[in-house]
Every structure is written in C-alpha cells, then in structure tokens.
1. Do you know which residues of region A:10-47 lose at least 20 square angstrom of accessible area in the protein assembly compared with their chain on its own, with a 1.4 angstrom probe?
2. Quick check: Cα centre of region B:350-368 to Cα centre of region B:107-169, how many Å?
3. Which stretch or stretches of region B:501-540 have amide N atoms under 11 Å from the point lying 7 Å from B:S368's Cα along the Cα→Cβ direction?
4. Contour minus end-to-end for A:Q432 and A:Q577, with contour as 0.36 nm per residue of separation and end-to-end as the Cα-Cα distance?
5. Using only the alpha-carbon atoms, how far is helix B:4-14 inclined from the longest principal axis of chain B? Give it as 0 to 90 degrees, nearest 10.
6. How many angstrom separate the Cα center of region B:66-99 from the Cα center of region A:475-538?
7. What is the pair-distance distribution P(r) of region A:258-408, computed from all Cα-Cα distances in 5 Å bins starting at 0, with each bin given as a whole percent?
8. For region B:344-400, what is the convex hull volume of the alpha-carbon atoms per residue, in Å³?
Number of protein chains: 2
Amino acid sequence: MITISERKSLIAAAMGQEPLDLRIDNVQVVNVYTGTIEAGCLGIKAGRIVTVDANTFEAAERFDGQGCYAMPGFIDTHVHIDSTLVTPENLSELIVPHGTTAMLADPMEVANVAGLEGFKAFVSSMGKLPYHLLIEVSSRVPTAPGLETTGGELGLAEVKEILSWPECISLGELDPSKVLGLRDEYLAKVEAAQALGKICNGHAAGLTGHNLVAYACGGMADDHECVTYEDAVARLRQGLVVSIREGSTERNLEPIINGVVRDNLDTRHMMFCTDDKHPDDLLEEGHIDYMVNRSIELGLSPIDAIQMASINAAKHFRIDHLIGSLTPGRWADVILADNLEHIIPNDVFVKGQHVAQKGKLIVDPPPSDYPEWLYNTVKVTSGKTAADFILSATGPTAEVTVIDLYPDQIINEVEQATLQVVDGNVVADTAQDVLKLAVVERYGKNGNIGLSFVRGFGLKRGALASTVAHDHHNIIVAGTNEADMAVCVRAIEQIQGGFVIAADGEVLGQLPLPIAGLLSDQPVSDIIRELENLTKISHSLEGKLPAPFMTISFISLPTVPELGLTDKGLVNVRQHQLVGPFR
Amino acid sequence: MITISERKSLIAAAMGQEPLDLRIDNVQVVNVYTGTIEAGCLGIKAGRIVTVDANTFEAAERFDGQGCYAMPGFIDTHVHIDSTLVTPENLSELIVPHGTTAMLADPMEVANVAGLEGFKAFVSSMGKLPYHLLIEVSSRVPTAPGLETTGGELGLAEVKEILSWPECISLGELDPSKVLGLRDEYLAKVEAAQALGKICNGHAAGLTGHNLVAYACGGMADDHECVTYEDAVARLRQGLVVSIREGSTERNLEPIINGVVRDNLDTRHMMFCTDDKHPDDLLEEGHIDYMVNRSIELGLSPIDAIQMASINAAKHFRIDHLIGSLTPGRWADVILADNLEHIIPNDVFVKGQHVAQKGKLIVDPPPSDYPEWLYNTVKVTSGKTAADFILSATGPTAEVTVIDLYPDQIINEVEQATLQVVDGNVVADTAQDVLKLAVVERYGKNGNIGLSFVRGFGLKRGALASTVAHDHHNIIVAGTNEADMAVCVRAIEQIQGGFVIAADGEVLGQLPLPIAGLLSDQPVSDIIRELENLTKISHSLEGKLPAPFMTISFISLPTVPELGLTDKGLVNVRQHQLVGPFR
C-alpha cells in the first residue's frame, strides 16, 4: 500500500513541484497498456513510477539508460519458494538478476511442516526483500486430510487470517477433489477469498470434460497445470486464465506457445510461472526471463511475451495498481535490456532501487533469520532399523503395485510387478528396476511407515531419502535394500532434514535442509554444488534420473495421478483412497 | 456473492449429478476468453452458467436458441442512473431489452440531495432488479464544498461504509482538482478503496501533460472523459483504462474507434459507458448495444466490441468471477442475437431468467418503493415572490457578467452585458437574449438565492425552472421577469421538484420529479411525452434550445468551465471561487 503522504509526493513530483528521487534517462519504454515502445525517461519517487516523460524534471539521482529498452519487472505467478531449497532471502541472487521482481508464492510446504506459525516465520522478511513476495495462501494444508500425517494445518480460520493481509493476493491452488467432492471447508475458503476481492488459484491437473467444468464452477480463476496446448485452450474456454509453467521437471512452455503462435491465439489471458524450479536450473537457465525468451524464439512477439510476464499477471491478480507496468503510481520495478529479441536484463530496479547489474545482485538481501524451533522439526520414532521396512508376505513371490515414473513429469502410472519374498519380506528387484519405497512419519506423532514400490530410478545399490516429500514432508526413502533405507533415515534425523544417499551401510552424501526440513540457509553456490554431488553419487550407484531428489519428492504426493505414497500407505489419487501395496 | 450451497449445486450440476434449471439449446457461443465462437448449449443453475456444453444434461426447462449467437450481457461502466429522470426500476424497460445486464452506477445526484440515507434508499431495490446494479461510490458529495449548499454529504466515513458493500465496486469519478490539490480527504478515499481491493474511477476531463500524469499518480484506474482518439491514447499510456462514452450530449465513440481501427490498437484496456443518457435517446438509439454496433460499423471486429462491452469491463472492475463471460460460475447474463454484424438482442437473460424478448421487457421490475421523506425534499424558504429576485443597482444601467451557453455542450463562456436598471433592479433583456438566472436553496437550510444572467435560451416571455441542477440540485430558474420566476418556484415547491415552465403568471407545463426532486416513478412513456411537451411550450415562448431543461441543469455546475451558478452566487470554475454578478 501507498501512504497518503507518499501519494502526495508522487502527485507533486508529477507536477514538477518536488524533485524526483531518480531519473532513468534515455530509454525505450515498453508500454504494456498500449503495446507500443516509445523513447522516454523514467521519473521515480518514493519507489514508484511518476512518469515516463521525466526529461525536464529535477532528480536527486540520475541513471543513464544508454538507449536500452525499459520494461516492467517479471512476475512468477505461481511458485513454491519453499521448494527451491533456498530461503527467500538467498533466492534473491538467483531470480532478481534475471529480472524477476515479484514472486506470487504459495508457501504450502512450510505450512505443512509447521502450520500458521511456520508460515508467518517463513514470510517474515517479506517487506525487506529486493523483490515483491506476495502470498497465495495455501488452501490445502494438509493436502489429503486423513490420508497423510502433517506437522501443521491451515484450517478455515488460519486461511481467513492470511487472506486478510494486504500481501496476500489469492487463495492458493485448490485440490480438485475438494471441489468435486463438495467439501464445505474448502468451498468456505473460496467464499472467504472472493468476499475479500481476491481470486482463487486452480490446480486442474489432468482434469478434462465435465470434471474440468465442475472445477471451474468451484470458483477457480486460473490453472497452471496445462501440459498441452489443447489443455490450455480447454481451460481458457472455461474462463480459467492459463499460467504456463516451466519448472525443473514440468516443461509445458514449448507445446503451449507453439500452439498459440500457430493459431495466433490471444495471449491476454495467459501468464507464466515456474511452480517448482531448482536452484541449479535457475542458475543455468534463468527464471521468467527464460520463459519470455523461449516464447520469443518460438515466434511470440516480444510485446506479447512481456505482457504475459507483467500486466497480464498483475491484472489477473488484481494488483495492476501496484505492479505490472511502467505507469504512474506503480512500483518502479524496471528491467533494462539491450534488445527485445533475446532479453538479457542488464540492470534491474525494484521499488526504484538499483538491485542487479549484469547478472549479479548488487544489494545485500536481509539475513535469513528464522526461529530456533523451525530448525528442529524432524522427530523420528520409527524407520531407524531395517526391520521397520519389512513388507510381510507368504509364498515365494508377491504381486505388488508399483509406482511407474514418467520421465520429466510428476505424474506416474500404476504398474504391477512380481517380486521375490525373502524370509517373509517382499524385496526390491534391481533387475526389474523396482525399488522399495517408504514414507516415514517425522513429526513424532505416530511413527507410521507407508510401504510400496517404485520403478524408474535405476539404482543398483543403496538408498536415497528426503524430507522434501510433497506435501506432507515426511521422510521418503527409496532403496535396493532395507538396511540402507534405515541408514538414510538415521542420517536425516541427525541433520534435521535434507537429502541423504547411502550404500552398503554408509552415508555417501547429504545436503542438510534444516529449516523445516525443506530449506538451507547456506550460500546458494554451496547448495547447488552439493546437489550436483548427490546426483553424481546417485549415478555412481547406476541411478539414471537427472534429478533423483526432485523426482522422489513428488512420489509422496497423494494428489497427482496415479499414485502417491504417504506415511499411511499407498493412495490411489483418482479414487482418493488408500489401497494396499499388493495387487 | 454465491452461497456455498449454490456453489455446490453448480458443481454437482456440472458433473451431471443434479439437473440444470435451464438449458439454452442450439447456440453459437461467443467465448470472450478465447475470442472464438463455438456451437454449444448453455447449462444454467442457480442463475449461473454451469457449462456451454450442456447437450447431454437434464434440465427443468429448455429454451431453443435457434442457432443464434449467445454472448455475455453488456456492461455500462459509468452511468448516473439518477440523471435519467427514471427510477432504477422503471429504467429496466429502457436498457434490458437492449442487452444491458449490468449498470455500474455512481448515484451522486441523490446523495447530494439526501446524503447516505438517500443513497441507500435509491439503491435499495438492487437485488431485485432485472439487471445488476453495482455501485461506484460517489467520491465528491458535495462537488464544490464551500461554494454551494447541498442537502446531503458523503464524507470519508460514509464513503468507507459504502465501499465495504459487496455491491460497491469502485470509488466513483474523482474530481482532478481534489487530486492535484493534494486534498487529504479525497486521497484518504483513494486509500480506502485500494485497501478494500477496489479501483478508483477517474474523471480526467480536459487533462493533458503533467496534470494528466499527476492525476494518474493519484491512484486513478480509468477515465471516461476522452473526447478524441489522442485523448484515449494519452490515457492508456498512463495506465488508465479508457471507457469510451456515448451519452446524450457527449458523443465520443466515433473519433476514438476510428483511431483504434486505423492503428489496430489493442482494445483490451478499453470499454464502454454512457455517463448521462436521456430516456428518449435510450428509447430511440439504444444503450451499450448502440455503441457495440456503431463500433462494428466503424470497422472494429465484433469479438473486440463484445469483449469491450463485457469481459474487459468485468476484469477492470475485478468482478470477472461474477459477470462478463459465459463461463462456469458467472451469472447467466446472456444475449441471443441472429448475427454479429449488427447485434439485435432477440432474447436477454439475466441471472438465468428470461427477462426480455424482441425489444420488450417481459418481466415486471420491482415497484418503485421509496420512503415518504424522499418524496419531500423541497423546502423553500425564499424565492416565492418576485421581490426575492431583485438584483439591486443604482443608475440607469449596470454592467453584468453573463453565462454564455455553447450549443450542445455543458461548458460555457464568460460574457458581459449592459442591462437596464428599473426601480433599482437589474432586469433581463430579451432583445439581447439575456435572461435573469437564479439558484434558490431548497433544503430549508439558509434561503440563499444566487443571482446572475444567462444568454442563449431565446425565451421572449416567461420563465423555466428545475430541481435537477448539478450537482447541488437546488432550484435553478431562468426568466424574462421576476414574477414568472417566482411562479415557477412556487409550482416546484408544490410538486416537490421537477421541471416547470410558466409565463404571464401561469404555469404552462410541468414534469413532477418528486423522488429527491430528481426522478419520476411514472411510466417512462409518460415522462418522455411530458418532456417533449415542455420543449414545445418553451418553443412557443420562442425558446430556441432543443433540450432547455437539460441545458439549464448544467449551468448550476460549479466544476465545469467557465462559470456555474449556485445558491451562494456565481462561481468562476477555473479560479474555484465566488465572483460577484457585476463586472
């Protein structure tokens, strides 16, 4: 919000009655309202744009734009910051130099671990970050009540509290089963959001036909789960704005933009998001700038692509008076770039402050300052011995259900396998690439262990485990044998959360994520290096996945088809119920 | 708002678990999200759209769309209903058959007369009308504090109260002088609106350059005062959404749409309004449908024009979850029309109810049911005798200031005249076409009479008077002699407001507007006929104006240049101060 006194400053500055704080001279301004580009000079006061015609105005400071294009900062419309492994503070260096100036974040992970208090602690630095952190309040904590144990919950009261914050701009992605199941609690959350003038984000993964329509009837305003162009068009037809997603594993941009370009589809109801993108991918590829540039390469006009990354998002989220354009009164979030064919942000300004230059953050983000209790969330009461992972069966073999991974997707397929029973225990079979999979409850509540099997990791020895395990974030562990699985769980307890890989009774590598078991407060470069190391170790065990810890973290999700494993057991997602491990 | 139980009905109906209330079969659906047209069948439940693919669904009722185009109902984004002379209830028959299903109305006139209570009474039938009446809360009541006496005021507290209503969707058009003058009360109203997630409507009449930019810095979101295409582009450049206006006197559509078509300007940030349109013009020309059709004639694509009249408006006002498209969950406000080259609404549905057919309203609007006190707002303590209109002067003649009318405009010019002084009183001079003009305070507060002169009516005998006198709505009376002026005032008191014309001591005609002195609850056809009769009488007195009562109602406005007369005297608008009647 802008104070009345700030507002007066802007107005007075616009009339030349007060000097500006900053002028950015000599720029080609991309106007996302007219869709045109005009020579201009940005005038900035109290962190906001005053005018694009500031040439004759006095200013305390001047910056030479050197003829660059000036465009509004980019907006990521749906992201789980707490899935990046990096704190919001440390994330600054990964995203801001790429021109991202607003993250519309759903911190559902930390809420699943630590409830409302964890949520508040996580976003407590909001106002001090060198980007806008705005909140999509998690609508489904827990994601699958009754089917999983979580550390925290956000009920209707907690959600209403967060919805009332000015920094909260929507109700976060609602699980279709809650809508189609006519669940009062969730429909009340929709009602609460709309009563406050805020939108409801969708999550229409895999929905088609009548189910998609019914979901839209639930009051959803958008969807970021489009995999194909046809998905995108189907959603637009239902009045659902499309947020194209390009994360680390979900790569939806190319097919959708190809269709848009081919059909010359109006992009005004489309925008961008990453949902989940790992720090190494952010470092190598970039962030929303990558999506803008890829869209341009695929034939979209630069103006359309920039609008998708700015005003379309701001207007959809009803914050177009605050961000999304270089027009009077909006935050002065500015990217300067040499050309529009491939946008490389030379300079980035946020709230009128020069925050990044030539790909580097040039301000210090606030320190990562979290309460002690958020560093102590792993309380393991079982899973520390091999015996805990025994799946009992009689006879020489057993017919089991297997979670079959799709390459580069978070969805999976139901498969089956015939496995050996050794000493009354159904065991993994590396020849079939079938590992034993377990989810160990880690909030000290009940010591549950859910057991199943997974195909696709390739591992021939050892085990790997993670406390990043959507969305309940218990410990998920996959292994060729039970002993190494127990080694992983013990190591995870010791480091209070993170990634561990072990073989032959030894921990081979680990990345501590001690904040809620989800995040590290260490330098981003250290995190990335350790992540690369873990992947290498996985490959040394003949693991074949490019990002095995990303993959494992989604097998635990009881809401993405077909199957998800929680501490309570195997969940058939479409039926929304627990099913046994055996066929 | 939609209740949770209604929401459940929609979802269940979408899944085929409950029958629909209504199916509109065999239509070509205009989808304003994709910008495409597809064969479909509208499914409606609880007044909302469930699906456009209802072919296989059961429904309590079916309507044969006969292959017509189905499009969302049209939205008037800025209108003063209380300037139409017709109650919101009776207005239904003039607008709904033309496909208008939502009026975004700023009832500032009734608020000037009767304050918050009058405002509430005026909109009390909101939920029962056969169209959506949504509120732009008047930001400037009174318009010119200190320079006029009004019956009511809306201060910050009252505005905040109304802003909190779900039916209130914005802060109504803010006077630029309040913004550029850095007036706390008005900037606090802007802050209050934005804090509630609501937008602020602009009124950037005549603003250019730095003043326009400064006004945008004030938090304005749009403007409906663009006269030329260049005005429109200038506003879009500042992030101000453009509402093109086509009212009874202000005719801005053609030049703007011509420019849009010529430059192929993106229309996504443009929409339509009428501001002030008389019932006879609504009857003859139509309403938003007229603007849509005129735009198509001028070369705009029908889809663009329909989007301007629907989704663009809904999205701008942040009510796209409620209206503006034929997509799941939105109110079933539907127009059926044979073709898109010239859209004639054959059938109109509002909230799923068939409300108009072949140009006629086919439902009964609610009765006009206003409290007794709103029928008794004219309390005259002076102006009932000729002596009250004496303007004293010594000598044989006096040099006076004259308000010189512009044909077909609400602006006027400062002129001067030399007038005879008879018995110490400056008198009118029909030879120079200079009438005496008076504004008589009519709220029983102080008995003020403001006196001046006006040129342009042509009247050779008699006087005419009105309680529609923007924006203070005291009694304005222009006459060739003081006795007839007093006759008019006495008649106005008797009918408790309206239009009166008199000559030679006799009332020749009158149109009672007893609701707040602004509106009639009589049938629209009677109002139009009486209005025509009054104009004829005026012509019989050699009056030369086509709509003398429209003209006289704007001379009282102390905010439109050059001059305005209030009960406190003559106001120089640009100087924003009272000036004497003499040169």
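The values are calculated or read from the model by the stated rules, or taken from the named source; none is laboratory data. These figures come from a predicted structure and were not determined experimentally. We place every Cβ from the backbone using ideal geometry, glycine too, and count neighbours over all the protein chains shown. SASA here: full protein model, heavy atoms, side chains in, ligands and nucleic acids out. Shrake-Rupley method; radii C 1.70, N 1.55, O 1.52, S 1.80 Å.
1. So the qualifying set is A:I11, A:A14, A:M15, A:N31, A:Y33, A:T34, A:E38.
2. 26
3. Zone members listed by number: B:512-528.
4. Values: separation 145, 0.36 × 145 = 52.20 nm, distance 2.72 nm.
Extra length available between A:Q432 and A:Q577 comes to 49.5 nm.
5. So the inclination is approximately 50 degrees.
6. That distance is 65 Å.
7. The distribution over region A:258-408 is 2, 7, 10, 13, 15, 12, 8, 7, 6, 6, 7, 4, 2, 1, 0, 0, given as percents.
8. Values: hull volume 14.1 nm³, N = 57.
Convex hull volume per residue, Cα atoms: 248 Å³.
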